[in-house]
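To keep things clear, I will list the structure first and then write my remarks on it.
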Amino acid sequence: MRFKYISLYQIRGLTHKPAEGDIQLHAKENDTISLKAVLTDKPDQYCYDIDRALSLGNFLLRGMVGQQDESAQIKENIENIQKSRRGKIEDSEALIFIGEGKTEADLNQPLRDTDDYTLGFDIINKEDIVSLFKDEINSTLAAFCLASERIPLQIKHLRSGVFLIDEQAKPIYSFSLTGSGEAYSSIPITAELIKEAQGQNQSC
């Protein structure tokens, strides 16, 4: 079954002009998986599913799944998650890694199946999926830092998530039963910086 891995980083020290749109910094694929990195000042569009999974996970912990006003509360929770993230990122940049591929999934005992999503426990091994992209992500981050060595960048991992996508393009969320102030300056993103970062990454 197809999976998607989203990992979000805050890049402090860069500014993004809205007119520039999203910038694809890196893309690589082989016969089994693919990974791309996108610089954006609008991460919400990429993080919706992991935001919804986080909201549903909170509902599960509180025993609130299945309540009559669940949809409205989940929507409100997602909006709060997005608002909090925008506050953290503020005027800095967001770097989104998007990994995709196929994996084995255990759907014998789904917790809940709705028109919009499916919930279950330990459907996939998320750690194995994350490990597929770890080296490539670290290499891309290192290349980006090397390309912008004039102004040291501050990189902070904000959150990540893995989910499945079924044949009807419906997401499947898997849950596990386990349960300082800094000063910085910013430089604008330029074509030269992007080219250098891509070149550094290819040489790693």
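Things to note:
- Remark: the stretch 134-141, residue by residue, has Karplus-estimated 3J(HN,Hα) of 4, 5, 5, 5, 4, 5, 5, 4 Hz, where x stands for each Gly or Pro and the curve is 6.51 cos²θ - 1.76 cosθ + 1.60 at θ = phi - 60°.
- Label zone at Lys17 (point 7 Å along Cα-to-Cβ), backbone N below 19 Å, the stretch 38-63: 39-42
- When you filter the trypsin sites (Lys or Arg not before Pro) in the stretch 1-64 for DSSP loop state and at most 13 other Cβ atoms inside 10 Å of their Cβ, you are left with Arg62.
- Neighbourhood net charge (13 Å Cβ-Cβ; Lys/Arg +1, Asp/Glu -1) for Glu167: +2
- Rounded if a/c under 1.5, otherwise prolate or oblate - the stretch 1-155, Cα gyration tensor axes: oblate
- Of all lysines in the structure, those lying under 24 Å Cα to Cα from Lys75, and not within fewer than 8 positions of it along the same chain, are Lys4, Lys42, Lys83, Lys88, Lys170.
- Residue exposure sequence - Val162, Val130 - by fewest surrounding Cβ within 10 Å: Val130, Val162
- Low-density loop positions, trypsin sites (Lys or Arg not before Pro), the stretch 104-160 - DSSP coil, at most 15 other Cβ in 10 Å: Arg150
A short reminder: the numbers here are calculations on the coordinates, not readings from a lab. All of these numbers come straight from a predicted model, not from anything done at the bench. Every residue, glycine as well, gets a Cβ built from its backbone with ideal geometry; the counts of neighbours run over all protein chains shown.
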